[in-house]
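What follows is a short report on a single structure.
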Amino acid sequence: MKQKDDYLWKGVLEDVFDDFLRFLYPDADSIFDLSRGITFLDKELEQLFPPEDDEFALKVVDKLAQVYTHDGVEEWVLIHVEVQGSYRKDFASRMFTYYYRILDKYHKRIAAFAVLTEASKKPRPNVYEEEFMGTSIQYRFNTYKIAEQDTDRLLASDNPFALVVLTAKAAFVGKNVNDKDESDKALLQTKIQLARELLERNMSKEKIRGLMNFLRYYVRFDNSEVNTIFEQEVEKLTERSHTMGIEELLLNRAKKEGKRESLISVAREMKKDGIPVEQIVKFTKLSIKEIEKL
């Protein structure tokens with residue numbers, strides 16, 4: 001199975017939760033004051049739904065987050081991700097169970113989103129209904145199906161969460177190819193393209209790191225040697241992106257400062273980022289001794 005454990009989804013959702021809200025709800029910034037930060041309520045959720053110990057149970061990922069509106073009101077947002085690609089028949093009932101348990105214990109209304117990662121495009125319910133002798137209830141929630149999303153539209157989006165969806169879609173690449181080598185070859189090209197897209201985006205280093213880790217490990221190759229090739233390509237792309245950024249930085253600073261002072265300043269920043277000394281020497285032309293003193 002090419003998909004790794006659910007902790008990858010948990011991690012990437014925390015890395016780009018603000019982008020997730022903007023991606024699925026375009027008016028998010030007009031409703032939420034995201035500058036006040038996001039608090040994840042994992043302990044509250046675990047009290048209501050203890051983790052399943054059965055290693056063969058269908059995997060799900062649940063994230064509960066506290067955000068604030070511009071009016072200063074605290075609101076809760078629930079994300080439920082069916083990670084294993086196998087649809088649960090009790091899916092709608094499970095979503096309703098989350099709702100009433102949270103409401104009962106914490107008296108908080110929630111916005112619920114269910115992300116389905118299965119390959120099937122078969123429609124799934126977004127409502128839970130019960131009726132008996134004139135008593136009825138209807139609970140409706142948001143669903144987002146990975147398999148239905150258009151790749152070109154996702155590539156055109158500048159929202160970082162679009163890259164999460166593209167990575168999840170990569171799990172379908174080569175799925176119907178019996179030859180594992182051919183499947184790995186197709187997946188390699190897809191992952192390299194996504195790595196290139198990721199490194200060309202204007203994002204914080206933290207988000208780039210989180211998204212790159214999700215791309216690295218969420219969908220894996222059958223042949224470990226192909227993964228080595230992918231890592232080599234990522235290294236080349238990373239070096240190229242560093243080069244472009246540093247050359248631009250050097251040019252701008254050289255105009256404002258003396259050239260040597262500018263080079264030293266850039267080298268210091270590169271060293272803070274953990275870039276190898278040999279690479280700093282290559283870009284700045286400073287000596288190893290000069291760089292080690294920084």
Each label point is 7 Å from the Cα along the Cα-to-Cβ direction; what then is the distance between the points at GLU292 and MET133, in nm? 8.6 nm
Residues with amide H under 5 Å of VAL16's amide H, sequence separation 5 or more or different chain, H placed in the peptide plane at 1.01 Å from N; which? none
I need the P(r) histogram for region 80-213: all alpha carbon pairs, bin width 10 Å from 0 out to the longest distance, whole percents. 10, 31, 30, 19, 8, 2
For a distance above 20 Å, tell me the whole-number percent of Cα pairs in region 90-145 that qualify. 32 percent
Residues whose built amide H sits under 5 Å from the amide H of TYR144, excluding neighbours closer than 5 in sequence, are ALA114, VAL115, LEU116
Spin-label point model (7 Å from Cα, Cβ direction): what's the GLU148 to ASP181 distance in nm? 4.0 nm
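The numbers here are math on the coordinates, done by the rules we state, and not lab data. Everything numeric in this text was worked out from a predicted model, so none of it was measured. Note that we place each Cβ from the backbone using ideal geometry, even for glycine, and neighbour counts take in every protein chain shown.
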